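A short worksheet on the structure shown next.
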Amino acid sequence: MGKMDRIIRDVLWAAAVCLAGYLAGRGYMALRDHPSSQAEKLMEQAYQTVGEAAVRSWLPGCLYQEGEESQFLLAGIWENVEEHFPLFTYLKEQETVEPVVEDESTRHDIIAKNGDTITDRILAENQGQAVEEENQAARDEKTEGETAGETSGPEASSDSETPDTSGQEGEDAGSNESAGTEEAGEETSGGESGGASGEDAAGENSSEGETAADGREMPAWTTAVETSPVKDLSMEQLSDFNYLLNNFFVVDPNTTIDSSQMSADQLLNDDLKITGDNASPQILIYHTHSQEGFADSVEGDENTSVIGVGNYLESILRDVFGYNVIHLKNTFDVVDGQIDRSAAYNYAQPVVQQVLDENPSIEVVIDLHRDGVPEDTRLVTEINGKPTAQVMYFNGLSYTVNNGTLDSLPNPYIADNLAFSFQLSYMAARYYPKFTRCIYLKGYRYNLHMRPRSILLEVGAQTNTVQEAMNAMEPFSVILNKVLKGE
């Protein structure tokens, strides 16, 4: 409706209201001189009708209510009045805004979307704050090193470690297939980016490495040097539940956890050493979201996807550390040739369970993903002189704030899985302080109920390069080996 139309309508309505007031006043004066019960009743109805009409025209929000349109009785009566007056008919034709009617399903959809938005923003704020704190620590460390004239060690910060996270909008912490464009000048492929054979990995810089128990030369990067942790690892601090929670974990708003479920003593004293030897399979790697890629991934080339990162991890664990590994490459998130993650966990569960049933010797299960973050976020640090994607562990608690314990999604290994994630994060804090982002806790199960040493590992995000994700498998394999050997 144009400006002139609105002005004309307002003037006409003002005139109509004044006329109605005048007529009502005159009528009242006449009735006062000649009262009758019937006349008083008619005047009362007239006042009510004029008042309700004014409210509907000038305060339409007052008529908002849930339900069906049939509930608006006044609107139906008023439509009959309008049909007899051309002026009202003209104004009705110019109307563009209708009263809002909201049914039950729409209301629940709105509530759900609001909850998702709040969750996304809280997650983005938590992660953004954590990254900024690490970046500030790195800058302080670099400044101190330059002042003292000393050379930084393998954990020195680099320019790529300082992303600008100001003003970023939250996106879901789950998987995100949007392709980033940063680091376009760094071309990588599966074989060239670290996804080489285990023999090549083991031979790299072998002259600087240690010697394994069987006499093999170990790559130089397997020799982790203990550094000064960013977080306080003293038992005094770790025994403080709030310190433990705020420095190692991020709790999704849809769930909660208390000190009875998580304490440093429980987490660190859980014996997670594997008991079998490598005569039979020990570790299973798979990908619920097999199609996740990175900034420079090549469509259709699994070597540049999260599967390629799994290939490199498999080769390291097998050829460098001597574990017996099964790598499952099923595409659980592809349905009829299209990417569909809506039921990927449901599709994955029976397949993974069958592999575990056929190989009861498997003691470790790794579901390897990459995260989804705002496009201006870079999850990268420097380890052993290499740009390295940061990692995050993801745990399901089978408990939501709204529904309590999810009996339909039981997980007997929640405590063991929490301990597994924490011990890996604790090792990283000792040897690679900027490697782990956090341990993210959410309400559901995510197929982490099939073995006590199960983890959902998020390696970088869609803004990382393939090379950075491949590089991350080297420090991860070191801390995983330390936990599984009980070191």
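Read-outs: derived from the displayed coordinates by stated rules, not from any lab. No experiment lies behind these values; they were computed from the predicted model shown. When we count neighbours, we look across all protein chains shown, and the Cβ atoms used for this are built from the backbone with ideal geometry, even at glycine.
Computed quantities for the displayed model
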| read-out | value |
| --- | --- |
| Highest-first arrangement of 421-431, 242-252, where packing means the average Cβ count within 10 Å | 421-431, 242-252 |
| Length gained when the stretch residue 358-residue 485 is fully extended (0.36 nm per residue, less Cα-Cα span) | 43.3 nm |
| R0 of 30 Å, Cβ-Cβ distance residue 246-residue 408: FRET efficiency to nearest 0.05 | 0.45 |
| Estimated FRET transfer efficiency when R0 is 45 angstrom, pair residue 232-residue 349 (beta carbons, to 0.05) | 0.70 |
| Cβ crowding within 10 Å averaged over residues, with 12-20, 300-308 ranked highest first | 300-308, 12-20 |
| Extension gain (nm, one decimal) between residue 23 and residue 271, 0.36 nm per residue minus Cα-Cα | 80.3 nm |
| Backbone N under 14 Å from the residue 261 label point (7 Å along Cα→Cβ), restricted to the range 232-252 | 245, 249-252 |
| Ordering of 311-320, 270-279 by burial proxy (mean other Cβ atoms within 10 Å per residue, highest first) | 311-320, 270-279 |
| Cα-projected label distance for residue 279 with residue 3, points at 7 Å along beta-carbon direction, nm | 9.0 nm |
